[in-house]
């Protein structure tokens, strides 16, 4: 790891001002991606501004129609939260299968979606549930937030404060993990919402998380596993690598979609 | 005796390992410790045009920046392969020059070019990034088959067409004739996937030079510190043997990859002299993927002929083995004498011919990895037998039984003479334990859940404890393959065993001590096992090839014989009895049939007091032995794998795995089970998960755990393990060896099971979900078309 300056921010304002005075600073959430990247000498921020001490980023609350989770809440907290389990059990289940216990106890919701790894789990839930991302300066809808692999609409000094998930009628998530990394090779989050069915796919798309429109249409006509898995998925825009061809991923998207709908009930 | 041979004694060494008190090389810090970092080639093949070290030398904390021209200029010799294998036409093997630091060409990504020594590890790494090397990139080749083709990039001037040797074993003409006249012939192609060894502890070295004494000390992650010292001294001219101490302290796994002397140890030793200090280097995981010798990487075709009664009449094999960019220490032996000599499997085959062509490619060197040659042989023969059974419409069990060797000793046509075994015994035990006959019902039940169930077996035989020295010498080995031991009895009766074997996870501190408990009835806590230090241990050939039990413990047993004989002489003298009437048991030395008795410690004390010894006897009680085995040992077994495949995704679950092995006499069943579990995990890894992949430009795509799939707990079933026993006749303990069997026997059983489940025999390792899914769909599509 290259030398870096570590700062622990006490508030959002403190964090942005620390970032403002850094040469080439990076915000640090749970550090589950950034720290290993730095250890491999692939990232060399001059300053690390740790957001872990900011009270505004903590907490889980629900008002009956919306579930709001602080950006600094860990995957383990989401998985174990009775509020999440009651409002959106699929989200708690998703969080309980991210990485390993170490990752789940350090990694955060905000860190995950700000990184927007094309194989991360959370982006699928955020997009499928039509969540709203609240930052220190604005609110961004999920559809506007994710801009392709590792790209989001966040500006460099912008900090995610919380994510608000409209509570769906029902939802389910199924993923096929990469045998080596255990990231999703295809992860499908299917939700039946007040706006109709929404289906988002992670791990498979060349541009990161995306909505599978044809599946949404099929589910709108018939909310059933067979309807979801019966949709033709084109391999054209899907990733192909040593772990799986785009054809295989297209198959996985169909199969996982069926299983997600089945899990949703 | 509860702690003797056959007892499930918990491991003495686990107290320190489990509590985090193991002392590995990287835990050691010498006075004024400095740190090394290597500048490595980013290219698979390139010419070094220039090296600019100035900027790096000016960096903070940098002590020196050294390159290959300086190293060779100081007379440091090239790295050699220690086993000579010549081509069938008599041409010597083509060993390309390999300098610890490349001087003119780099030949794989990770090839070391410059060593930087600095006051801290970070400073060394940062300075390494400041070394400017101008390369002229050259075309690269990573596939052994492609490397042999016309127009392929050439790696070494010594090796035209990249061929190292073209070797054969067995008689070709009678084999061809037998197959030509066979009633049934089955042909098959094989690829044995390339693997990264992945010991938990990465390689590490600390070299310290003492200018006053002109003496070097090397701490290193070695499976064989004496062999390392011998090679460093005799071939690399780093230091004379008596001025070089090599210590391999706690070592966290090796699997073969820590047998070899690597460029880093040589460069650190040399740099310690150049900087007159202590230089430490520890590989990070990326360097481990790039530079630890890989395993396997064979491409083969095979043809087997049967007579009308399904008796095998001939087997012909053609193998191309990828040895990477340079010849590693035992790289020539692995795909020849450790592979083709086992192609007879458990079967009586009158005619075998194998041709093995070894090839240079722009990849990290390939050498022995858990099993070393025998997994390649067992995969080939056990997949071929299974496939033959399927094609000929005969039960795979029947086909094996018809061809089993049943009389011993059995001379195969490929050097090996099997000394003992009972193949039917472990076959029937395994079939019973796995409920082989009940598979139809389980398949039907799985089908009702939408799953495809399959079963497959493998009847492996392997060879451990390579020996005897004279025989392996005649086959080209550059070392003898005996082992040494010293049994040092202290005046108070406690015992130290100094062994040339090296434990890097095998539990020698426990099992070796059990031999003493068994012999004298002493508590295990009274025995200390010492290994891994050339200043302490007389000599040793180290631990690999599952040799520590059969060879290392036999040496201890021989030394114990001598100690026992002398102790009996002393006791007979003290108790005025006949030497032949002395019995040693439960820590007591008795005269049989009388009430005369001395404590073991009293006899030991008498040996050292020397007040009253038999006339002419030297004082003390310490004996050494060198043991050179008369033959290899031949563990064998039957493995049965049962799988369930999800046809929608290709995900394969191993629902049951049964392993019944004949390891001969077992010293500690718990440790043997642990060895089998670990071997099976690595076999499952090779069969289903692991694959080291280079792209066409020679970049390693699987250089981290994000892409290289290691077996994890949830990939493994709860194993069913059993044993049958035929004692090995060629060593005093009857031991055969258990360290590699799991990795040798399991891959073919797994692939036989998966191919049975999906109804398509065309499936290569690793059988990833994608490959299984594709193979299943290909079979279903074909079936639908028919």
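No value in this document is a laboratory result; all are computed from the given coordinates. Keep in mind the model is a prediction, meaning the values are calculated, not measured. Here the Cβ is made from the backbone with ideal geometry for all residues, glycine too, and neighbour counts use every protein chain on show.
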Go ahead and run the numbers for FRET between residue B:610 and residue B:492, Cβ-Cβ distance against an R0 of 22 Å, rounding to 0.05. 0.90
In nanometres, the difference between 0.36 nm per residue of separation and the alpha-carbon distance of residue B:475 and residue B:69 is 142.7 nm
So if I take the centroid of the Cα atoms in the range B:603-629 and the same for the range B:375-407, what is the distance between those two points in Å? 54
Order these peptides, B:201-212, A:216-227, by their mean beta-carbon neighbour count within 10 angstrom, highest first. B:201-212, A:216-227
Suppose we take every Cα in the range B:638-749 and form the convex hull; what volume per residue is that in Å³? 141
Scattering profile of chain A at q = 0.08, 0.17 Å⁻¹ [log10 I(q)/I(0), Debye over alpha-carbon scatterers]: -0.30, -1.30
Placing one identical point scatterer on every Cα of the range B:482-627 and ignoring solvent, what is log10 I(q)/I(0) from the Debye formula at q = 0.11, 0.13 Å⁻¹? -0.41, -0.55
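Determine the shielding of peptide B:124-132 by partner chains: average, over its residues, the number of Cβ atoms on other chains within 10 angstrom of each Cβ.
1
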Rounded to the nearest Å, what's the spacing between the alpha carbon centres of the range B:664-729 and the range A:33-57? Just the number, please. 36
Please work out the C-alpha center-to-center distance from the range A:219-242 to the range B:564-595 and express it in whole Å. 83
Extension length gain for residue B:536 and residue B:285 (0.36 nm per residue less Cα distance), in nm, is 87.2 nm
So what is Rg over Rh here for the range B:725-786, counting just Cα atoms and using Kirkwood for Rh? 1.31
Just to verify a number: FRET efficiency for residue A:137 and residue B:710, C-beta to C-beta distance, R0 = 30 Å, to 0.05? 0.10
Over all viewing directions the Cα convex hull of the protein assembly as shown casts an average projected area in nm² of 47.6
Could you grab the Rg to Rh ratio for the range A:1-136? Cα atoms only, Kirkwood for Rh. 0.98
From the C-alpha gyration tensor of the range B:151-288, square roots of 5λ in Å: 43, 18, 16
Compute the normalised compactness of the range A:170-264: alpha-carbon radius of gyration over 2.2 N^0.38 Å, N being the residue count. 0.98
Principal axes of the range B:586-652: Cα extent on each, largest first, Å: 82, 32, 23
Whole-number value, in Å³ per residue, for the convex hull of the alpha carbons of chain B is 177
Report, as an integer, the average count of C-beta atoms from other chains found within 10 Å of each Cβ along B:707-715. 3
Counting only Cα, what are the radius of gyration and maximum Cα-Cα distance Dmax of the range B:378-427, in Å? 12.1, 33
Residue B:215 paired with residue B:578, simple spin-label distance in nm, labels 7 Å along Cα-to-beta-carbon: 5.2
Please sort B:736-745, B:264-273, A:57-66 by packing, taking for each peptide the average over its residues of neighbouring beta carbons within 10 angstrom, highest first. B:736-745, B:264-273, A:57-66
Mind checking the alpha-carbon convex hull of the range B:554-615 and giving the volume per residue in Å³? 91
Amide N of the range B:348-363 lying under 13 Å from the label point, which is placed 7 angstrom from the Cα of residue B:172 along Cα→Cβ: B:353-357
Model label zone, residue B:653; criterion: amide N under 13 Å from point 7 Å along Cα-to-beta-carbon; scope the range B:422-453: B:446-447, B:449-453
Label-to-label distance, nm, for residues given as residue B:402 and residue B:21 (7 Å Cα→Cβ offset): 6.1
For the range A:57-166, compute Rg over Rh where Rg is the Cα radius of gyration and Rh is the Kirkwood radius from the inverse mean 1/r over Cα pairs. 0.93
Average other protein chain Cβ within 10 Å of Cβ, residues B:642-649: 3
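Using per-residue counts of other Cβ atoms within 10 Å, averaged over each peptide, order B:2-11, B:437-446 from highest down.
Taking the mean over residues of other Cβ atoms within 10 Å, the ranking is B:2-11, B:437-446.
Given the alpha-carbon gyration tensor of the range A:5-50, what are the semi-axes of its equivalent ellipsoid in whole angstrom, ordered largest first, with each equal to the square root of 5 times an eigenvalue?
Three semi-axes, in Å: 19, 12, 6.
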Take the Cα radius of gyration of the range B:634-697 and divide it by 2.2 N^0.38 Å, with N its residue count; two decimals is plenty. 1.47
What does the extension gain come out to for residue A:63 and residue A:100, with contour length at 0.36 nm per residue minus their alpha carbon separation? 10.3 nm
Pair residue B:120, residue B:309: separation of 7 Å Cα→Cβ label points (nm): 7.8
Calculate the all-directions average of the projected area of the range B:517-556's alpha-carbon convex hull, and give it in nm². 3.5
